[in-house]
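Written below as structure tokens is the structure these notes are about.
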Amino acid sequence: MNSRLLQTLGIVALLAAGALAGVTPAPISSAQAATVRPAVGKPLQQAVALANAGKGAAATAKVHEAESVGGLTGGEQAAIAQTRNYIAAKTGAGGSAVGCKAKFATDYNAGRYRDVVGADASCMRKGGGFDFQSQVIVAQAYYLMGDYGSAIRLLKGLGNSDQVLSLLMSAAGKQGDTQTEGQVAERLILQGQSKYWTYMLAAADATRGLTDHENLDIYRIRYLTGNMRNAEDYELMTQLAIELHFPTEAVTVAQKGFAVKLLQGDRDMRLINLAQTQAAKDVAGFANLQKQANASKTGDLLVQYGENLWGMGKFDDAVNAIQAGIKKGNLSKAAEAQISLGIAQLSAGQKPAAAQTFAGVKGDPAAQAVAHLWTVYARSGGTAAVANANANANTPAPQPGNAKKRHR
């Protein structure tokens with residue numbers, strides 16, 4: 001598992017390169033020793049022996065003894081530097097950047113992860129060698145220790161490279177941190193990796209305080225991105241659309257469920273028949289509904305009327321109706337109306353206006369979460385057009401964790 005994960009994250013190549021290859025600097029050779037005076041060479045030899053015994057402080061003291069000899073030649077200075085690096089690589093003492101990095105790699109390759117995240121990382125920080133790749137390896141060490149929380153905290157500040165995001169997504173999954181999974185999924189989606197919608201939608205499902213309408217808005221993105229998972233998703237989305245008086249949308253969803261052979265049997269036939277009956281009544285009384293909406297003292301009916309137009313593919317008319325409802329005011333759920341307007345604007349090709357509308361959803365954390373979801377959908381190239389829904393909602397997508405979403 002360790003090797004497989006390292007290969008996935010591209011860290012094998014990293015550890016094989018340069019000072020991170022895990023090769024400990026060699027002590028001075030006998031030929032080098034012959035070029036230095038005994039007053040320098042003897043304490044250096046003693047320092048090597050002490051380092052091999054794991055006595056870093058004593059070894060460093062012997063190096064200082066050699067350094068204190070006057071009139072050091074170039075060869076003697078080189079021998080001292082090489083010995084210092086050897087001590088740091090063997091024991092972590094001495095603090096040279098090369099030595100710290102060598103011990104860092106040696107400990108990592110040996111599975112001494114507590115040393116990697118502790119003394120080794122501290123040594124590299126002091127020596128100015130704690131670069132981006134070293135931080136990724138420390139995060140990897142935390143991961144392999146099972147300390148996923150520490151790995152997540154470190155990785156969140158390391159940017160959006162594939163290497164970082166892959167490890168962060170895996171750590172969040174191990175930690176059961178759906179919020180972080182959703183945040184990482186968002187970055188990946190905006191980089192063109194649409195397969196990660198499944199994680200962002202799972203995070204959205206976990207949002208507290210969602211209303212039925214907000215649940216429907218999440219289902220709409222599931223449908224549009226091809227992430228309907230099972231028969232229950234189609235049934236619940238259809239039921240929500242009927243309950244909220246959008247029967248035409250309910251019929252479209254149910255028909256798709258039957259087309260992909262997830263809906264079947266008497267219960268689902270009764271559901272689609274109910275949607276079709278309600279849709280027929282609404283079509284017959286649509287002109288009257290418009291009159292009632294215009295005459296109403298609140299804007300709720302106009303917003304509902306506009307959403308029905310959206311479900312019929314009449315996007316420009318939907319924008320006008322919802323805007324009129326918002327302008328009339330006295331809305332029972334202003335944030336939901338704002339989201340509905342943004343969706344209609346997006347479908348009508350008014351992407352900048354839709355982005356501004358979604359950004360204007362304030363005050364309700366659940367509504368803001370749903371609006372943000374739609375913002376990401378729009379930024380990733382989504383159009384929320386009915387034709388796209390029919391084209392993209394093909395087969396159920398594989399899901400992490402619990403495959404079923406419950407109607408709140």
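The values are calculated or read from the model by the stated rules, or taken from the named source; none is laboratory data. Predicted, not measured: the structure shown is a model, and the values here were computed from it. Every residue, glycine as well, gets a Cβ built from its backbone with ideal geometry; the counts of neighbours run over all protein chains shown.
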Going through region 179-196 one residue at a time, which ones are surrounded by 21 or more Cβ atoms within 10 Å (Cβ to Cβ) and either within 17 Å of Tyr113 (Cβ to Cβ) or touching a residue at least 60 places away in the same chain (Cβ under 8 Å) (or both)?
Glu181, Glu186, Ile189
Every residue from region 317-356 that is more than 18 Å from Gly299 (Cα to Cα) and either among the acidic types (Asp, Glu) or in contact with an Asp or Glu (Cβ under 7 Å, 6 or more places away or on another chain) (or both)
Ala348
Any chance Arg220 is among the basic types (Lys, Arg), assigned to a loop (DSSP other than H, G, I, E, B) and either at positive phi or within 28 Å of the chain's Cα centre (by Cα) (or both)
no
Quick one: would you say Val136 is under 30 Å from Thr178 (Cα atoms) and of a type in the set (Val, Ile, Thr)?
yes
Taking Val12 as the residue in question, decide whether it is modelled with pLDDT of 65 or more and either in a helix (DSSP H, G or I) or more than 45 Å from the chain's Cα centre (by Cα) (or both).
no
Report, by residue number, each residue of region 271-292 that is closer than 21 Å to Tyr223 by Cα and surrounded by 14 or more Cβ atoms within 10 Å (Cβ to Cβ).
Leu271, Ile272, Leu274, Ala275, Gln276, Ala279
Restricting the search to region 227-270, which residues are more than 17 Å from Met312 (Cα to Cα), buried (at least 18 other Cβ atoms within 10 Å of the Cβ) and either among the basic types (Lys, Arg) or touching a residue at least 60 places away in the same chain (Cβ under 8 Å) (or both)?
Asn227, Met228, Arg229, Asp233, Leu236, Gln239, Leu262
Confirm whether Ala295 is modelled with pLDDT of 90 or more, surrounded by fewer than 18 Cβ atoms within 10 Å (Cβ to Cβ), of a type in the set (A, V, I, L, M, F, W, C) and within 22 Å of Ser332 (Cα to Cα).
yes
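Residues are listed down the side, and each one gets a yes or a no for (1) of a type outside the set (Ser, Thr, Tyr); (2) farther than 24 Å from Val164 by Cβ; (3) within 35 Å of the chain's Cα centre (by Cα); (4) crowded, with 20+ Cβ neighbours inside 10 Å:
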residue: Ala47; (1), (2), (3), (4): yes, yes, no, yes
residue: Ala66; (1), (2), (3), (4): yes, yes, no, yes
residue: Gly74; (1), (2), (3), (4): yes, yes, no, no
residue: Arg84; (1), (2), (3), (4): yes, yes, no, yes
residue: Ile87; (1), (2), (3), (4): yes, yes, no, yes
residue: Asp115; (1), (2), (3), (4): yes, no, yes, no
residue: Gln140; (1), (2), (3), (4): yes, no, yes, yes
residue: Ser150; (1), (2), (3), (4): no, no, yes, no
Quick one: is Tyr199 at pLDDT below 95 and either outside any helix (DSSP H, G or I) or in contact with a helix residue (DSSP H, G or I) (Cβ under 7 Å, 6 or more places away or on another chain) (or both)?
yes
Look at Lys333 and say whether it is at pLDDT below 95 and over 27 Å from Leu236 (Cα atoms).
no
Among the residues of region 360-367, is any in a helix (DSSP H, G or I) and in contact with an Asp or Glu (Cβ under 9 Å, 6 or more places away or on another chain)?
yes
Exactly one of (1) within 26 Å of the chain's Cα centre (by Cα); (2) part of a helix (DSSP H, G or I); (3) β-branched (Val, Ile, Thr) is unmet by Ile326. Its number?
(1)
Only one of (1) surrounded by fewer than 18 Cβ atoms within 10 Å (Cβ to Cβ); (2) out of contact with any helix residue (DSSP H, G or I) (no Cβ under 8 Å at 6 or more places or on another chain); (3) at pLDDT 85 or above does not apply to Asn109, and that is (2)
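Name the residue, out of Thr73, Thr83, that is in the same structural domain as Ala102 (by TED's automatic domain parsing) and closer than 18 Å to Lys101 by Cα.
Just one listed residue meets the conditions, Thr83.
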Cβ pairs under 9 Å, 6+ apart or interchain, first in region 271-286 and in the same structural domain as Glu235 (by TED's automatic domain parsing), second at pLDDT below 90 and hydroxyl-bearing (Ser, Thr, Tyr), ordered by first then second residue, are none
